[in-house]
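This report concerns only the one structure given below.
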Amino acid sequence: MKVINLHQKENQTIQLAVEGNRQAQQKIYSQFSPKMLSVCRQYIKDIHQAEDVMITAFMKVFVNLKNFEQKGSFEGWIRRIMVNECISFIRVQKKVKYLDDEVYFEENFNPIESQFSVENIQFLIDGLPDGYKMVFNLYAIEGYKHHEIASMLGINEGTSKSQLSHARKMLQQQINTFKKHNNGTE
Amino acid sequence: MEPNKLEKLFAEKLESREIKPSEGAWDRLDAMLTVVEKPKPKRKFGWLYFAASVVGLLLIGTVFFNQKDSVVVDPSNKIVIGNSIAPKELKAASSDPLNGELNDGETKDSALAQKAIVKNSQIPASNKESLVTNNNQNQVAEVSISNQKTEQKSILSTTNAVSVDELLVSVENPSKSEKQSNQKPSIEVNANNLLSQVDGELELTFREKVINKVNKNYQTVKVALSNRNNQE
(Lines give C-alpha, C1' and ligand atoms only; values in the text may rest on other atoms or scores of the structure.)
Protein backbone atom coordinates (compact mmCIF):
# COMPACT_ATOMS: atom_id res chain seq x y z
CA MET A 1 0.00 0.00 0.00
CA LYS A 2 2.77 2.37 0.91
CA VAL A 3 4.47 1.74 -2.40
CA ILE A 4 1.24 2.43 -4.28
CA ASN A 5 0.73 5.64 -2.34
CA LEU A 6 4.28 6.70 -3.10
CA HIS A 7 3.74 5.94 -6.76
CA GLN A 8 0.55 8.00 -6.82
CA LYS A 9 2.33 10.85 -5.07
CA GLU A 10 5.13 10.68 -7.61
CA ASN A 11 2.62 10.78 -10.45
CA GLN A 12 0.96 13.80 -8.88
CA THR A 13 4.23 15.65 -8.54
CA ILE A 14 5.14 14.74 -12.11
CA GLN A 15 1.80 16.07 -13.30
CA LEU A 16 2.31 19.30 -11.38
CA ALA A 17 5.84 19.63 -12.71
CA VAL A 18 4.55 19.15 -16.27
CA GLU A 19 2.20 22.06 -15.65
CA GLY A 20 5.20 24.15 -14.64
CA ASN A 21 4.73 24.05 -10.87
CA ARG A 22 8.12 25.12 -9.56
CA GLN A 23 7.66 23.47 -6.18
CA ALA A 24 6.93 20.12 -7.79
CA GLN A 25 9.96 20.55 -10.04
CA GLN A 26 12.12 21.33 -7.04
CA LYS A 27 10.76 18.26 -5.28
CA ILE A 28 11.76 16.06 -8.21
CA TYR A 29 15.12 17.77 -8.39
CA SER A 30 15.92 17.34 -4.71
CA GLN A 31 14.77 13.74 -4.85
CA PHE A 32 16.95 12.69 -7.78
CA SER A 33 19.79 15.20 -8.03
CA PRO A 34 22.23 13.45 -5.60
CA LYS A 35 21.98 10.18 -7.47
CA MET A 36 22.08 11.86 -10.86
CA LEU A 37 25.11 13.90 -9.94
CA SER A 38 26.76 10.62 -8.99
CA VAL A 39 25.87 9.25 -12.42
CA CYS A 40 27.28 12.33 -14.13
CA ARG A 41 30.37 12.12 -11.98
CA GLN A 42 30.99 8.60 -13.34
CA TYR A 43 31.49 10.07 -16.79
CA ILE A 44 32.92 13.47 -15.96
CA LYS A 45 35.88 13.82 -13.64
CA ASP A 46 35.39 17.50 -12.84
CA ILE A 47 32.63 17.74 -10.25
CA HIS A 48 31.64 21.29 -11.36
CA GLN A 49 31.36 20.23 -14.97
CA ALA A 50 29.42 17.19 -13.85
CA GLU A 51 27.02 19.44 -11.96
CA ASP A 52 26.64 21.73 -14.97
CA VAL A 53 25.81 18.73 -17.12
CA MET A 54 23.36 17.50 -14.50
CA ILE A 55 21.57 20.89 -14.46
CA THR A 56 21.35 20.91 -18.24
CA ALA A 57 20.01 17.37 -18.16
CA PHE A 58 17.42 18.34 -15.54
CA MET A 59 16.38 21.17 -17.82
CA LYS A 60 15.74 18.59 -20.52
CA VAL A 61 13.93 16.42 -17.99
CA PHE A 62 11.47 19.21 -17.14
CA VAL A 63 11.07 20.40 -20.71
CA ASN A 64 10.34 16.86 -21.94
CA LEU A 65 8.46 15.73 -18.85
CA LYS A 66 5.16 15.77 -20.76
CA ASN A 67 6.61 13.09 -23.04
CA PHE A 68 7.33 10.77 -20.12
CA GLU A 69 4.99 7.81 -20.23
CA GLN A 70 4.29 6.77 -16.69
CA LYS A 71 4.79 3.11 -17.49
CA GLY A 72 8.49 2.69 -16.86
CA SER A 73 10.63 3.86 -13.99
CA PHE A 74 10.81 7.60 -13.62
CA GLU A 75 14.31 7.36 -12.20
CA GLY A 76 15.41 5.22 -15.12
CA TRP A 77 14.00 7.78 -17.54
CA ILE A 78 15.85 10.63 -15.83
CA ARG A 79 18.99 8.55 -15.68
CA ARG A 80 18.90 7.91 -19.43
CA ILE A 81 18.64 11.62 -20.04
CA MET A 82 21.60 12.19 -17.70
CA VAL A 83 23.75 9.57 -19.41
CA ASN A 84 22.92 10.92 -22.87
CA GLU A 85 23.73 14.45 -21.72
CA CYS A 86 27.06 13.27 -20.32
CA ILE A 87 27.92 11.51 -23.57
CA SER A 88 27.09 14.56 -25.67
CA PHE A 89 29.06 16.74 -23.27
CA ILE A 90 32.16 14.53 -23.59
CA ARG A 91 31.73 14.46 -27.35
CA VAL A 92 31.55 18.24 -27.57
CA GLN A 93 34.32 18.82 -25.04
CA LYS A 94 36.88 16.45 -26.46
CA LYS A 95 37.24 14.51 -29.62
CA VAL A 96 37.01 11.00 -28.34
CA LYS A 97 39.31 8.55 -30.04
CA TYR A 98 38.17 4.99 -30.23
CA LEU A 99 40.98 2.56 -30.84
CA ASP A 100 39.36 -0.02 -33.04
CA ASP A 101 41.94 -2.77 -33.07
CA GLU A 102 39.50 -5.64 -32.66
CA VAL A 103 41.71 -7.27 -30.03
CA TYR A 104 39.87 -8.62 -27.06
CA PHE A 105 41.84 -9.13 -23.93
CA GLU A 106 41.22 -11.97 -21.62
CA GLU A 107 39.34 -11.20 -18.53
CA ASN A 108 41.11 -12.31 -15.48
CA PHE A 109 39.68 -10.07 -12.81
CA ASN A 110 40.16 -11.34 -9.37
CA PRO A 111 37.27 -10.70 -7.10
CA ILE A 112 38.50 -8.12 -4.62
CA GLU A 113 35.49 -8.09 -2.35
CA SER A 114 34.53 -4.77 -0.86
CA GLN A 115 38.11 -3.68 -0.56
CA PHE A 116 37.44 -0.76 -2.83
CA SER A 117 35.60 2.23 -1.59
CA VAL A 118 33.42 4.20 -3.97
CA GLU A 119 36.14 6.83 -4.12
CA ASN A 120 38.65 4.15 -5.17
CA ILE A 121 36.29 2.91 -7.84
CA GLN A 122 35.70 6.40 -9.10
CA PHE A 123 39.41 7.04 -9.09
CA LEU A 124 39.96 3.94 -11.19
CA ILE A 125 37.25 4.92 -13.63
CA ASP A 126 38.57 8.48 -13.81
CA GLY A 127 41.89 7.05 -14.90
CA LEU A 128 40.33 5.63 -18.05
CA PRO A 129 40.38 7.57 -21.33
CA ASP A 130 36.97 9.00 -22.26
CA GLY A 131 36.28 6.40 -24.94
CA TYR A 132 36.97 3.51 -22.61
CA LYS A 133 35.24 5.17 -19.74
CA MET A 134 32.00 5.72 -21.61
CA VAL A 135 31.77 2.19 -22.88
CA PHE A 136 32.74 0.76 -19.49
CA ASN A 137 30.18 2.88 -17.66
CA LEU A 138 27.43 2.11 -20.14
CA TYR A 139 28.14 -1.59 -20.22
CA ALA A 140 29.29 -2.46 -16.72
CA ILE A 141 27.44 0.10 -14.62
CA GLU A 142 24.33 1.04 -16.62
CA GLY A 143 23.85 -2.41 -18.06
CA TYR A 144 23.42 -1.44 -21.72
CA LYS A 145 24.09 -4.00 -24.43
CA HIS A 146 26.85 -3.50 -26.96
CA HIS A 147 24.47 -2.71 -29.83
CA GLU A 148 22.76 -0.10 -27.65
CA ILE A 149 26.10 1.45 -26.73
CA ALA A 150 27.11 1.40 -30.38
CA SER A 151 24.01 3.36 -31.41
CA MET A 152 24.35 5.75 -28.46
CA LEU A 153 27.95 6.60 -29.22
CA GLY A 154 27.65 6.29 -32.96
CA ILE A 155 30.25 3.57 -33.20
CA ASN A 156 30.35 -0.02 -34.39
CA GLU A 157 29.32 -2.80 -32.07
CA GLY A 158 32.79 -4.29 -32.48
CA THR A 159 34.37 -1.02 -31.47
CA SER A 160 32.21 -0.99 -28.36
CA LYS A 161 33.41 -4.48 -27.49
CA SER A 162 37.06 -3.66 -28.08
CA GLN A 163 36.69 -0.46 -26.06
CA LEU A 164 35.30 -2.48 -23.19
CA SER A 165 38.12 -5.01 -23.25
CA HIS A 166 40.66 -2.17 -23.42
CA ALA A 167 38.97 -0.55 -20.45
CA ARG A 168 38.99 -3.81 -18.52
CA LYS A 169 42.67 -4.40 -19.21
CA MET A 170 43.53 -0.91 -18.13
CA LEU A 171 41.44 -1.22 -14.99
CA GLN A 172 43.18 -4.52 -14.21
CA GLN A 173 46.56 -2.90 -14.48
CA GLN A 174 45.43 -0.05 -12.26
CA ILE A 175 44.00 -2.44 -9.69
CA ASN A 176 47.24 -4.39 -9.66
CA THR A 177 49.27 -1.26 -9.04
CA PHE A 178 46.74 -0.19 -6.44
CA LYS A 179 47.09 -3.54 -4.71
CA LYS A 180 50.87 -3.37 -4.82
CA HIS A 181 50.74 0.16 -3.46
CA ASN A 182 48.39 -0.92 -0.66
CA ASN A 183 50.49 -3.98 0.09
CA GLY A 184 53.61 -1.89 0.11
CA THR A 185 52.20 0.50 2.67
CA GLU A 186 50.81 -2.22 4.87
CA MET B 1 31.76 -10.65 -22.04
CA GLU B 2 29.18 -10.45 -19.28
CA PRO B 3 29.95 -8.01 -16.50
CA ASN B 4 32.20 -9.83 -14.07
CA LYS B 5 32.05 -9.83 -10.34
CA LEU B 6 34.26 -6.82 -9.91
CA GLU B 7 32.14 -4.83 -12.32
CA LYS B 8 29.01 -5.84 -10.48
CA LEU B 9 30.65 -4.63 -7.30
CA PHE B 10 31.56 -1.40 -9.04
CA ALA B 11 28.00 -0.95 -10.23
CA GLU B 12 26.57 -1.70 -6.79
CA LYS B 13 28.87 0.73 -5.09
CA LEU B 14 28.31 3.43 -7.65
CA GLU B 15 24.55 2.89 -7.59
CA SER B 16 24.42 3.46 -3.86
CA ARG B 17 26.57 6.56 -4.12
CA GLU B 18 24.95 9.97 -3.86
CA ILE B 19 26.69 13.27 -4.39
CA LYS B 20 24.89 16.32 -3.06
CA PRO B 21 24.87 19.10 -5.59
CA SER B 22 26.09 22.55 -4.58
CA GLU B 23 23.70 25.03 -2.97
CA GLY B 24 23.42 27.25 -6.02
CA ALA B 25 22.69 24.39 -8.40
CA TRP B 26 18.93 24.55 -7.93
CA ASP B 27 18.98 28.34 -8.25
CA ARG B 28 20.78 28.01 -11.57
CA LEU B 29 18.28 25.42 -12.76
CA ASP B 30 15.46 27.64 -11.51
CA ALA B 31 16.82 30.57 -13.49
CA MET B 32 17.21 28.42 -16.61
CA LEU B 33 13.66 27.14 -16.23
CA THR B 34 12.28 30.67 -15.88
CA VAL B 35 14.21 31.68 -19.00
CA VAL B 36 12.68 28.75 -20.88
CA GLU B 37 9.19 29.33 -19.48
CA LYS B 38 9.12 33.11 -19.77
CA PRO B 39 8.39 33.50 -23.50
CA LYS B 40 4.83 32.25 -23.11
CA PRO B 41 3.62 34.74 -20.47
CA LYS B 42 5.63 37.43 -22.26
CA ARG B 43 3.63 36.80 -25.37
CA LYS B 44 0.41 37.01 -23.39
CA PHE B 45 1.52 40.28 -21.86
CA GLY B 46 2.67 41.40 -25.28
CA TRP B 47 -0.82 40.91 -26.64
CA LEU B 48 -2.20 42.79 -23.66
CA TYR B 49 0.23 45.63 -24.22
CA PHE B 50 -0.61 45.66 -27.91
CA ALA B 51 -4.35 45.84 -27.19
CA ALA B 52 -3.81 48.49 -24.53
CA SER B 53 -1.68 50.58 -26.87
CA VAL B 54 -4.30 50.31 -29.62
CA VAL B 55 -7.03 51.40 -27.23
CA GLY B 56 -4.83 54.20 -25.96
CA LEU B 57 -4.07 55.39 -29.48
CA LEU B 58 -7.76 55.32 -30.35
CA LEU B 59 -8.58 57.35 -27.25
CA ILE B 60 -5.86 59.88 -27.99
CA GLY B 61 -6.99 60.01 -31.60
CA THR B 62 -10.61 60.67 -30.71
CA VAL B 63 -9.62 63.30 -28.19
CA PHE B 64 -7.45 64.98 -30.79
CA PHE B 65 -10.12 64.91 -33.47
CA ASN B 66 -12.64 66.33 -31.04
CA GLN B 67 -10.21 69.08 -30.21
CA LYS B 68 -9.70 69.86 -33.88
CA ASP B 69 -13.46 69.95 -34.44
CA SER B 70 -13.96 72.34 -31.55
CA VAL B 71 -11.24 74.57 -32.93
CA VAL B 72 -12.74 74.54 -36.41
CA VAL B 73 -16.32 75.04 -35.22
CA ASP B 74 -15.35 78.09 -33.21
CA PRO B 75 -18.29 80.54 -33.21
CA SER B 76 -15.95 83.54 -33.50
CA ASN B 77 -14.50 82.06 -36.65
CA LYS B 78 -17.95 81.66 -38.13
CA ILE B 79 -18.66 85.27 -37.45
CA VAL B 80 -15.43 86.19 -39.13
CA ILE B 81 -16.38 84.27 -42.21
CA GLY B 82 -19.88 85.76 -42.16
CA ASN B 83 -18.55 89.28 -41.81
CA SER B 84 -15.93 88.87 -44.44
CA ILE B 85 -18.51 87.60 -46.89
CA ALA B 86 -21.29 89.99 -45.86
CA PRO B 87 -19.47 93.23 -46.70
CA LYS B 88 -18.66 91.96 -50.12
CA GLU B 89 -22.25 91.03 -50.68
CA LEU B 90 -23.31 94.37 -49.33
CA LYS B 91 -20.87 96.13 -51.56
CA ALA B 92 -21.95 94.15 -54.53
CA ALA B 93 -25.60 94.59 -53.70
CA SER B 94 -25.29 98.28 -52.91
CA SER B 95 -22.86 99.46 -55.55
CA ASP B 96 -22.83 97.30 -58.62
CA PRO B 97 -26.40 96.42 -59.51
CA LEU B 98 -27.92 99.73 -58.46
CA ASN B 99 -25.25 101.74 -60.16
CA GLY B 100 -25.65 99.62 -63.17
CA GLU B 101 -29.36 100.28 -63.15
CA LEU B 102 -28.69 103.93 -62.59
CA ASN B 103 -26.28 104.05 -65.45
CA ASP B 104 -28.58 102.08 -67.61
CA GLY B 105 -31.44 104.43 -66.87
CA GLU B 106 -29.37 107.51 -67.56
CA THR B 107 -27.90 106.14 -70.72
CA LYS B 108 -31.30 105.08 -71.93
CA ASP B 109 -32.75 108.49 -71.13
CA SER B 110 -29.91 110.32 -72.74
CA ALA B 111 -30.12 108.05 -75.74
CA LEU B 112 -33.82 108.78 -76.06
CA ALA B 113 -33.25 112.50 -75.74
CA GLN B 114 -30.50 112.42 -78.30
CA LYS B 115 -32.65 110.47 -80.64
CA ALA B 116 -35.41 113.00 -80.18
CA ILE B 117 -33.00 115.84 -80.86
CA VAL B 118 -31.66 114.07 -83.86
CA LYS B 119 -35.15 113.54 -85.09
CA ASN B 120 -35.92 117.15 -84.51
CA SER B 121 -32.86 118.35 -86.35
CA GLN B 122 -33.26 115.92 -89.18
CA ILE B 123 -36.85 116.90 -89.84
CA PRO B 124 -37.05 119.28 -92.88
CA ALA B 125 -38.49 122.74 -92.37
CA SER B 126 -41.21 122.24 -94.93
CA ASN B 127 -42.95 119.73 -92.84
CA LYS B 128 -43.70 122.13 -90.07
CA GLU B 129 -46.97 120.57 -89.20
CA SER B 130 -45.43 117.29 -88.90
CA LEU B 131 -42.66 119.01 -87.04
CA VAL B 132 -45.14 120.49 -84.70
CA THR B 133 -46.80 117.22 -84.29
CA ASN B 134 -43.41 115.71 -83.91
CA ASN B 135 -42.49 118.36 -81.42
CA ASN B 136 -45.66 117.70 -79.60
CA GLN B 137 -44.97 114.05 -79.71
CA ASN B 138 -41.39 114.72 -78.57
CA GLN B 139 -42.63 116.95 -75.82
CA VAL B 140 -45.01 114.30 -74.75
CA ALA B 141 -42.23 111.80 -74.97
CA GLU B 142 -39.88 114.13 -73.11
CA VAL B 143 -42.47 114.64 -70.44
CA SER B 144 -42.97 110.97 -70.16
CA ILE B 145 -39.24 110.46 -70.11
CA SER B 146 -38.82 113.15 -67.48
CA ASN B 147 -41.50 111.47 -65.48
CA GLN B 148 -39.70 108.24 -65.83
CA LYS B 149 -36.47 109.97 -64.88
CA THR B 150 -37.94 111.46 -61.72
CA GLU B 151 -39.40 108.14 -60.83
CA GLN B 152 -36.12 106.45 -61.39
CA LYS B 153 -34.36 109.18 -59.50
CA SER B 154 -36.68 108.77 -56.58
CA ILE B 155 -36.08 105.07 -56.71
CA LEU B 156 -32.40 105.70 -56.97
CA SER B 157 -32.46 108.13 -54.10
CA THR B 158 -34.20 105.58 -51.91
CA THR B 159 -31.84 102.84 -53.00
CA ASN B 160 -28.94 105.21 -52.51
CA ALA B 161 -30.08 106.01 -48.98
CA VAL B 162 -30.26 102.35 -48.14
CA SER B 163 -26.95 101.66 -49.78
CA VAL B 164 -25.27 104.43 -47.85
CA ASP B 165 -26.39 102.97 -44.56
CA GLU B 166 -25.33 99.60 -45.68
CA LEU B 167 -22.07 100.97 -46.94
CA LEU B 168 -21.47 102.66 -43.63
CA VAL B 169 -22.14 99.42 -41.86
CA SER B 170 -20.02 97.62 -44.31
CA VAL B 171 -17.27 100.18 -43.95
CA GLU B 172 -17.45 99.98 -40.19
CA ASN B 173 -17.67 96.23 -40.12
CA PRO B 174 -14.84 95.41 -42.48
CA SER B 175 -12.46 97.28 -40.27
CA LYS B 176 -13.62 95.15 -37.36
CA SER B 177 -13.70 92.03 -39.40
CA GLU B 178 -10.30 92.83 -40.80
CA LYS B 179 -9.02 93.26 -37.30
CA GLN B 180 -10.67 90.04 -36.33
CA SER B 181 -9.43 88.32 -39.41
CA ASN B 182 -6.00 89.67 -38.64
CA GLN B 183 -6.24 88.28 -35.15
CA LYS B 184 -7.78 84.95 -36.10
CA PRO B 185 -5.06 83.63 -38.37
CA SER B 186 -2.54 84.17 -35.63
CA ILE B 187 -4.74 82.15 -33.27
CA GLU B 188 -5.15 79.45 -35.87
CA VAL B 189 -1.40 79.33 -36.35
CA ASN B 190 -1.05 79.03 -32.62
CA ALA B 191 -3.44 76.10 -32.56
CA ASN B 192 -1.59 74.39 -35.35
CA ASN B 193 1.68 75.04 -33.66
CA LEU B 194 0.30 73.64 -30.46
CA LEU B 195 -1.02 70.59 -32.23
CA SER B 196 2.23 69.99 -34.02
CA GLN B 197 4.25 70.60 -30.88
CA VAL B 198 2.09 68.40 -28.71
CA ASP B 199 1.91 65.60 -31.26
CA GLY B 200 -0.09 63.13 -29.23
CA GLU B 201 0.90 64.31 -25.77
CA LEU B 202 -2.34 65.16 -24.07
CA GLU B 203 -0.69 66.37 -20.91
CA LEU B 204 0.98 69.22 -22.68
CA THR B 205 -2.24 70.36 -24.31
CA PHE B 206 -4.03 70.22 -21.00
CA ARG B 207 -1.20 72.06 -19.35
CA GLU B 208 -1.20 74.73 -22.01
CA LYS B 209 -4.97 74.97 -21.91
CA VAL B 210 -4.86 75.44 -18.17
CA ILE B 211 -2.09 77.99 -18.47
CA ASN B 212 -3.98 79.87 -21.17
CA LYS B 213 -7.21 79.87 -19.20
CA VAL B 214 -5.46 81.04 -16.06
CA ASN B 215 -3.73 83.74 -18.07
CA LYS B 216 -6.99 84.88 -19.66
CA ASN B 217 -8.82 84.97 -16.35
CA TYR B 218 -5.95 86.82 -14.78
CA GLN B 219 -6.00 89.38 -17.59
CA THR B 220 -9.78 89.91 -17.31
CA VAL B 221 -9.55 90.34 -13.56
CA LYS B 222 -6.67 92.77 -14.05
CA VAL B 223 -8.63 94.80 -16.60
CA ALA B 224 -11.75 94.82 -14.42
CA LEU B 225 -9.77 95.99 -11.43
CA SER B 226 -8.04 98.73 -13.38
CA ASN B 227 -11.39 99.86 -14.81
CA ARG B 228 -12.94 100.03 -11.36
CA ASN B 229 -9.98 101.99 -10.07
CA ASN B 230 -10.26 104.41 -12.96
CA GLN B 231 -13.99 104.87 -12.37
CA GLU B 232 -13.44 105.55 -8.70
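The values are calculated or read from the model by the stated rules, or taken from the named source; none is laboratory data. Since this is a predicted model, take the numbers as computed values, not measurements. Note that we place each Cβ from the backbone using ideal geometry, even for glycine, and neighbour counts take in every protein chain shown.
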TODO: Pairs only if they're at least six apart or on different chains, beta carbon under 6 angstrom, first in the range A:114-135 and farther than 16 Å from residue B:15 by Cβ, second outside any helix (DSSP H, G or I) and modelled with pLDDT of 85 or more; list them, first residue then second.
DONE: A:126/A:45
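Quick grid of which residues meet (1) assigned to a helix (DSSP H, G or I); (2) in contact (Cβ under 8 Å) with a residue 24 or more places away in the chain; (3) closer than 17 Å to residue A:41 by Cα; (4) within 12 Å of chain B (Cβ to nearest Cβ):
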residue: A:137; (1), (2), (3), (4): yes, yes, yes, yes
residue: A:150; (1), (2), (3), (4): yes, no, no, no
residue: A:159; (1), (2), (3), (4): yes, yes, no, no
residue: A:162; (1), (2), (3), (4): yes, yes, no, yes
Open item on the list: Exactly one condition in (1) touching a residue at least 12 places away in the same chain (Cβ under 8 Å); (2) away from every other protein chain (no Cβ under 13 Å); (3) under 20 Å from residue B:36 (Cβ atoms) is false for residue A:70; which is it?
Closed with: (3)
- [ ] Taking residue A:82 as the residue in question, decide whether it is assigned to a helix (DSSP H, G or I), surrounded by 12 or more Cβ atoms within 10 Å (Cβ to Cβ), at pLDDT 85 or above and facing chain B (nearest Cβ under 9 Å).
- [x] no
Open item on the list: Name the residue that is modelled with the lowest pLDDT, counting only residues in the range B:179-232 that are acidic (Asp, Glu) and assigned to a helix (DSSP H, G or I).
Closed with: B:188
Task: Residue list for the range A:155-177, restricted to those being under 17 Å from the mean Cα position of the chain (by Cα) and under 22 Å from residue A:84 (Cβ atoms) - done: A:160, A:163, A:164, A:167
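List the helices (runs of 4 or more DSSP H) that sit entirely inside the range A:1-64 and contain at least 1 residues that are facing chain B (nearest Cβ under 7 Å) and at pLDDT 90 or above.
Details: elements: A:2-18, A:22-43, A:47-63.
Once the helices (runs of 4 or more DSSP H) in the range A:1-64 are filtered for at least 1 residues that are facing chain B (nearest Cβ under 7 Å) and at pLDDT 90 or above, what remains is A:22-43, A:47-63.
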- [ ] Of the numbered conditions (1) more than 11 Å from chain B (Cβ to nearest Cβ); (2) surrounded by 14 or more Cβ atoms within 10 Å (Cβ to Cβ); (3) modelled with pLDDT of 85 or more, residue A:96 fails exactly one; give the number of that condition.
- [x] (3)
